[in-house]
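The values are calculated or read from the model by the stated rules, or taken from the named source; none is laboratory data. Bear in mind that the values here come from a model prediction, so they are computed numbers and not experimental data. Every residue, glycine as well, gets a Cβ built from its backbone with ideal geometry; the counts of neighbours run over all protein chains shown. Accessible surface areas use protein heavy atoms only, side chains included; no ligands, DNA or RNA. Shrake-Rupley method; radii C 1.70, N 1.55, O 1.52, S 1.80 Å.
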Amino acid sequence: VLKKELSGFINKKFNISKSKVLKAIKIADEVQDTFEKAVRKKGEEVLSNLPENKEAIVIIGRPYNTNDPELNLNMVEKLISLNVLPIPIDFLPLQTENIFKDYNMMYWPNGQKMISAARIAAKTDRLHLVYMGNFRCGPDSFISHYVREEMRGKPYLQIEVDEHSADAGMITRYEAFLDSLKGYKKVK
């Protein structure tokens with residue numbers, strides 16, 4: 001349906017034949033699939049070679065937050081400066097987790113990915129988690145409960161950002177989280 005609607009719209013708006021639009025969509029789908037396979041392959045490499053001298057932290061949240069250095073206050077750079085290996089959610093084998101048995105109403109794709117990532121981080125000793133959410137965000141208000149359930153007592157950091165978030169406060173939170181991981185490992 002999407003391809004039919006899109007090709008019809010572009011045909012009317014720009015006078016490009018439907019067959020050309022459909023061909024372009026097919027090529028775009030193939031390029032996207034190739035890219036996603038490359039990301040998963042890179043993730044396999046990273047996960048199978050986690051460095052011993054660094055904490056490995058999976059970053060979850062909505063991509064427009066977690067992937068934008070302006071919105072996340074340069075989170076990746078800050079973590080790297082603290083000797084952390086930040087791991088994007090798409091590096092994880094999310095497809096291996098069937099969350100629908102426990103969360104059959106989770107229709108939101110980003111929510112599905114976040115819960116799957118939390119489940120993987122919870123059961124993988126070398127992985128930890130940072131969950132970046134937004135202040136007063138409806139989906140975050142319930143997904144955060146699911147993430148907490150999945151982590152089952154394993155420490156993770158949940159950060160909420162808004163227009164008042166400050167650089168210094170973020171660094172302090174990351175440092176405190178890393179300190180808590182040291183304590184967790186001693187009692188574990």
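What about residue 174, is it in contact with a Pro (Cβ under 6 Å, 6 or more places away or on another chain) and farther than 26 Å from residue 104 by Cβ? No: the conditions fail for residue 174. Answer yes if at least one residue in region 72-84 is among the small types (Gly, Ala, Ser), at pLDDT below 95 and out of contact with any Pro (no Cβ under 7 Å at 6 or more places or on another chain), and no otherwise. No, every residue in region 72-84 fails to be among the small types (Gly, Ala, Ser), at pLDDT below 95 and out of contact with any Pro (no Cβ under 7 Å at 6 or more places or on another chain).
Within region 167-187, work out how many residues are without any contact (Cβ under 8 Å) to a residue 40 or more places away in the chain and either within 20 Å of residue 133 (Cα to Cα) or open to solvent by less than 30 Å² (accessible area, probe 1.4 Å) (or both).
We begin by selecting, within region 167-187, every residue without any contact (Cβ under 8 Å) to a residue 40 or more places away in the chain; these are 168-169, 172-173, 176, 179-180, 182-187.
Checking which are either within 20 Å of residue 133 (Cα to Cα) or open to solvent by less than 30 Å² (accessible area, probe 1.4 Å) (or both) leaves us with 168-169, 172-173, 176.
Within region 167-187, residues that are without any contact (Cβ under 8 Å) to a residue 40 or more places away in the chain and either within 20 Å of residue 133 (Cα to Cα) or open to solvent by less than 30 Å² (accessible area, probe 1.4 Å) (or both) number 5.
The set of residues in region 71-96 being under 19 Å from residue 119 (Cβ atoms), open to solvent by 30 Å² or more (accessible area, probe 1.4 Å) and part of a loop (DSSP other than H, G, I, E, B) consists of 93 alone.
Residues are listed down the side, and each one gets a yes or a no for (1) of a type in the set (S, T, N, Q); (2) within 21 Å of residue 42 (Cβ to Cβ):
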| site | (1), (2) |
| --- | --- |
| 69 | no, yes |
| 74 | yes, no |
| 85 | no, yes |
| 89 | no, yes |
| 94 | no, yes |
| 115 | no, no |
| 123 | no, no |
| 128 | no, yes |
| 137 | no, no |
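Residues are listed down the side, and each one gets a yes or a no for (1) more than 26 Å from residue 168 (Cβ to Cβ); (2) open to solvent by 80 Å² or more (accessible area, probe 1.4 Å); (3) assigned to a strand (DSSP E or B); (4) touching a strand residue (DSSP E or B) at 6+ places or on another chain (Cβ under 7 Å):
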residue	(1), (2), (3), (4)
3	yes, yes, no, no
25	yes, no, no, no
29	yes, no, no, no
46	yes, no, no, yes
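Could you list all residues from region 126-155 that are at pLDDT 75 or above, assigned to a helix (DSSP H, G or I) and among the polar types (S, T, N, Q)?
The first filter runs over region 126-155 and keeps only residues at pLDDT 75 or above, leaving 126-134, 142-155.
Still in the list and also assigned to a helix (DSSP H, G or I): 142-151.
Within region 126-155, just 144 meets the criteria.
Only residues that are over 19 Å from residue 67 (Cα atoms), open to solvent by 20 Å² or more (accessible area, probe 1.4 Å) and at pLDDT below 95 were counted in region 104-125, giving 4. Applying the condition of being of a type in the set (Asp, Glu) and over 17 Å from residue 39 (Cα atoms) to region 85-103 and asking which residue is modelled with the highest pLDDT yields 97. Residue 158 falls short on exactly one of the conditions (1) under 17 Å from the mean Cα position of the chain (by Cα); (2) assigned to a helix (DSSP H, G or I), and that condition is (2).
Is at least one residue of region 50-70 more than 22 Å from residue 159 (Cβ to Cβ), open to solvent by 70 Å² or more (accessible area, probe 1.4 Å) and either in a helix (DSSP H, G or I) or among the polar types (S, T, N, Q) (or both)?
At the first step, the residues of region 50-70 found to be more than 22 Å from residue 159 (Cβ to Cβ) are 50-53.
Among the residues that remain, those that are also open to solvent by 70 Å² or more (accessible area, probe 1.4 Å) are: 52-53.
Remaining after also requiring either in a helix (DSSP H, G or I) or among the polar types (S, T, N, Q) (or both): 53.
Within region 50-70, one or more residues are more than 22 Å from residue 159 (Cβ to Cβ), open to solvent by 70 Å² or more (accessible area, probe 1.4 Å) and either in a helix (DSSP H, G or I) or among the polar types (S, T, N, Q) (or both).
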